[in-house]
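This structure is in structure tokens; I'll ask about it shortly.
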Amino acid sequence: MGNSKSSALSKEILEELKMNTKYTEEELFTWYQSFLKECPSGRITKEQFEGIYASFFPDANSTDYARHVFRSFDTNADGTLDFKEYIVALHLTSSGKTTRKLEWAFSLYDVDGNGTISKNEIQEIVKAIFNMIPAEGQEDLPDDENTPEKRADKIWNYFGKEDNDKIKEGEFIQGVLDNKDILRLMQYDEPQKIQDKLKEKRQ
Ligand SMILES: [Ca+2]
Ligand SMILES: [Ca+2]
């Protein structure tokens, strides 16, 4: 795939995206035009992606979170987001079904991609999310949620796990569906805000 120029949207990708997202052919063509305008190379690099987060969240330390989100969207792990990965990400974060979103959240938390989540992985992502909360917001947090360690412990205890246990995908999704409080601690909704800003920019 390396340096193939993607100036036209292939029929294959178009069909696949139509099937897997809510977008129509017209919408996909429009997205594609604006995607190429922003990224003439047809690919978003990790640095560009981190830059987008940094510009939208000047008061936060967004680098770690942006890096993890990028990894979870870069499904073929080639270090860039192509149009297909971009649209799937857009669909997931803005309008995807809850289960799909939770599958995505699982992949975000499964940092090493081995199919299970360890306590270390929870700690790593929770810390990245915590860094997105501005300093004044951190001060207002309840006592048992005001550090990344406490938040990770709270999540881990909810799943009823010992330190060396692992969480499988099904267990993760069910657990989060059963407990909105855990969902609140585990997720960060800002990708939605970023998408909204990107849309504003294009209007
Ligand atoms: Ca990729
Ligand atoms: Ca893992």
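The values are calculated or read from the model by the stated rules, or taken from the named source; none is laboratory data. Keep in mind it's a predicted model, so treat the numbers as computed, not measured. Neighbour counts are summed over all protein chains in view; Cβ atoms, including those assigned to glycine, are modelled from backbone coordinates with ideal geometry.
Among the candidates Thr63, Thr80, Thr147, single out the residue that is surrounded by fewer than 18 Cβ atoms within 10 Å (Cβ to Cβ) and assigned by TED's automatic domain parsing to the domain that holds Met19. Write out each step before concluding.
Values: Thr80 fails: surrounded by fewer than 18 Cβ atoms within 10 Å (Cβ to Cβ); Thr147 fails: assigned by TED's automatic domain parsing to the domain that holds Met19.
On inspection, the qualifying residue turns out to be Thr63.
Condition first: modelled with pLDDT of 95 or more, part of a helix (DSSP H, G or I) and over 12 Å from the mean Cα position of the chain (by Cα). Can you find one or more residues in the stretch 109-120 that meet it?
Initially, the stretch 109-120 is screened for residues modelled with pLDDT of 95 or more, giving 109-120.
From what's left, part of a helix (DSSP H, G or I): 109, 119-120.
Then drop every residue that is not over 12 Å from the mean Cα position of the chain (by Cα), which leaves 119-120.
Yes, that holds for at least one residue.
Got at least one residue in the stretch 129-150 being in contact (Cβ under 8 Å) with a residue 12 or more places away in the chain, closer than 30 Å to Leu28 by Cα, of a type in the set (Val, Ile, Thr) and not in a helix (DSSP H, G or I)?
The answer is no, given that none of the residues of the stretch 129-150 is in contact (Cβ under 8 Å) with a residue 12 or more places away in the chain, closer than 30 Å to Leu28 by Cα, of a type in the set (Val, Ile, Thr) and not in a helix (DSSP H, G or I).
Of the conditions (1) crowded, with 17+ Cβ neighbours inside 10 Å; (2) modelled with pLDDT under 90; (3) not hydrophobic (A, V, I, L, M, F, W, C), Arg43 fails just one. Which one is it?
(2)
Based on what the data block shows, is Glu85 among the acidic types (Asp, Glu), buried (at least 18 other Cβ atoms within 10 Å of the Cβ) and not assigned by TED's automatic domain parsing to the domain that holds Ile173?
On the way: among the acidic types (Asp, Glu): yes; buried (at least 18 other Cβ atoms within 10 Å of the Cβ): yes; not assigned by TED's automatic domain parsing to the domain that holds Ile173: yes.
Taking the combined requirement at face value, the residue satisfies it.
Now for a different question. Within the set of pairs 6 or more residues apart or between chains, which connect a residue that is touching a residue at least 60 places away in the same chain (Cβ under 8 Å) inside the stretch 161-189 to a residue that is hydroxyl-bearing (Ser, Thr, Tyr) and assigned to a helix (DSSP H, G or I) with Cβ atoms less than 8 Å apart?
Close Cβ pairs (under 8 Å, with a partner that is hydroxyl-bearing (Ser, Thr, Tyr) and assigned to a helix (DSSP H, G or I)) amount to Phe172/Tyr109; Ile173/Thr99; Leu177/Thr98; Met186/Tyr109; Tyr188/Tyr65.
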